[in-house]
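A quick write-up on the structure given underneath.
The values are calculated or read from the model by the stated rules, or taken from the named source; none is laboratory data. Just so it is clear, the model here is predicted, and its values are computed rather than measured. Ideal geometry is used to build each Cβ from the backbone, glycine not excepted, and the neighbour counts take in all protein chains shown.
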Amino acid sequence: MPVEIGIWRLGEKPVKISLSEIDCEARLEDALAKDLSILSEKLMLIGCQIPTTYGKFIDMLAIDVDGNLSVIELKKNRTPREVTAQLLDYASWAQSLSHEEISAIYSEQNQGKKLEQGFDEFFDCSLPEQINQNHELIIVASDLDLSTERIIGYLAENYGVPINVVFFRFFQDGNRDYLTRSWLIDPDEAVRKASKSSAKKGGEPWNGRDFYISLGEGEHRNWDDCRKYGFVSGGQGKWYSQTLRRLLIQGARVFVNIPKTGYVGVGIIKGPATPVKEFKVTINGHETPILDASLKAPNMAKNANDPELCEYLVRIEWIKTFPRTQAYWEKGFFASQHTACRLRNSFTIQKLSQHFELED
């Protein structure tokens, strides 16, 4: 069951704010169409009331930074079971959409704008070459019966069906309206469960925690600086920094690989990707701009005033690091040209966990 939310106005005596009796479904659909970040800041709206090839209409279709689709359906006046069955039916249609079909839908829904342009403006990175490799299903409701909740949990847990429910409640306090949100399944946990389905297609599931970092050393970045001041970095071009800026899960774990050298560190993400001129470190108890610190990388400041070309830094709390002369590499280890990506390779994770003496 979702966490039940209550709101109190604080003052001389706390006053509980009542649930609104307004038609929340209609207002909610309008609010989401205007600003989908109310549901999730990680989704860009493609369009509303999308016609399918068999005469039905999807309430909302969205895309995430990896190019995966989200089919969003409001419960409205249907029973929870009806909307769940309808959503699964829509998913069977959406999963077959080609790049060209998705682009055409977006353009039609957004006054002729190109999908590539809208994606770049929203996510500040380029549209992936391959999109709609995976999808998720989201039911928007104010309530859900227990049997439907069990069905959704069963599909997600046992079969990796990427389905979740988000609950919204309206509250009124005088002439002010408030909207609250809660999820049936924690979104990060839902990603882990849904990754089971990719394993059945020949890929390995993601554990919802581990990321890979490719730290290409040069005049703009140096592993010694990263170890000393607690960060990883990438940049000097949008292609290199855009994946680093997707590391939104604070508390997730990263394994750092120096290309053609090996893995040198593991740590915990402690903040978002930050432009180099805004990143600060603690030196002798004082916060100091990283560019004022003593650095091995001689040219980290290059393009510092250009948000597309500058270096981006992500704060890391190191669990364990090694100098590059003690880098660890075995045949079969995962490596990628991307600065950051999800680490799914179980062989790599297992071997690195042993090497870095991680408890799990």
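If you scan the range 303-327, which residues turn out to be among the charged types (D, E, K, R), crowded, with 17+ Cβ neighbours inside 10 Å and farther than 21 Å from Phe356 by Cα?
Answer for the range 303-327, where residues must be among the charged types (D, E, K, R), crowded, with 17+ Cβ neighbours inside 10 Å and farther than 21 Å from Phe356 by Cα: just Glu311.
For Leu295, which of the numbered conditions (1) surrounded by 15 or more Cβ atoms within 10 Å (Cβ to Cβ); (2) in contact with a Gly (Cβ under 8 Å, 6 or more places away or on another chain); (3) under 18 Å from Gly230 (Cα atoms) fails to hold?
So Leu295 meets the others, but not (2).
Hey, among the residues in the range 80-119 that are free of Cβ contacts under 8 Å to residues at least 60 places away in the same chain and part of a loop (DSSP other than H, G, I, E, B), which one's surrounded by the most Cβ atoms within 10 Å (Cβ to Cβ)?
Leu97
Does the range 135-154 contain at least one residue that is at pLDDT below 85, under 19 Å from the mean Cα position of the chain (by Cα) and surrounded by 16 or more Cβ atoms within 10 Å (Cβ to Cβ)? Let's see the steps before the verdict.
Here is the first cut: in the range 135-154, the ones at pLDDT below 85 are 141-154.
Next cut, under 19 Å from the mean Cα position of the chain (by Cα) only: none.
No.
How many residues, within the range 321-352, are β-branched (Val, Ile, Thr) and more than 24 Å from the chain's Cα centre (by Cα)?
First, the residues of the range 321-352 that are β-branched (Val, Ile, Thr): 321, 325, 339, 348-349.
When the remaining residues are screened for being more than 24 Å from the chain's Cα centre (by Cα), the result is 321, 325.
Here the count works out to 2.
Can you tell me which residue among Pro14, Pro51 is within 18 Å of Ile102 (Cα to Cα), modelled with pLDDT of 85 or more and assigned by TED's automatic domain parsing to the domain that holds Glu82? Before the answer, list the steps.
Numbers: Pro14 fails: within 18 Å of Ile102 (Cα to Cα).
Result: Pro51 is the single residue among Pro14, Pro51 that is within 18 Å of Ile102 (Cα to Cα), modelled with pLDDT of 85 or more and assigned by TED's automatic domain parsing to the domain that holds Glu82.
So the check is Cβ under 7 Å with 6+ separation or different chains; which pairs have a first residue in the range 214-233 that's in contact (Cβ under 8 Å) with a residue 12 or more places away in the chain and in the same structural domain as Lys270 (by TED's automatic domain parsing) and a second one that's surrounded by fewer than 20 Cβ atoms within 10 Å (Cβ to Cβ) and among the charged types (D, E, K, R)?
If the second residue must be surrounded by fewer than 20 Cβ atoms within 10 Å (Cβ to Cβ) and among the charged types (D, E, K, R), the pairs left are His220/Lys302; Asn222/Lys296; Trp223/Glu217; Trp223/Arg324; Asp224/Lys296; Asp225/Lys296; Gly230/Glu317.
Whether any residue in the range 275-287 is touching a Pro at 6+ places or on another chain (Cβ under 8 Å), more than 16 Å from Arg315 (Cα to Cα) and part of a strand (DSSP E or B) is what I want to check.
Looking for residues that are touching a Pro at 6+ places or on another chain (Cβ under 8 Å), more than 16 Å from Arg315 (Cα to Cα) and part of a strand (DSSP E or B), one finds none in the range 275-287, hence no.
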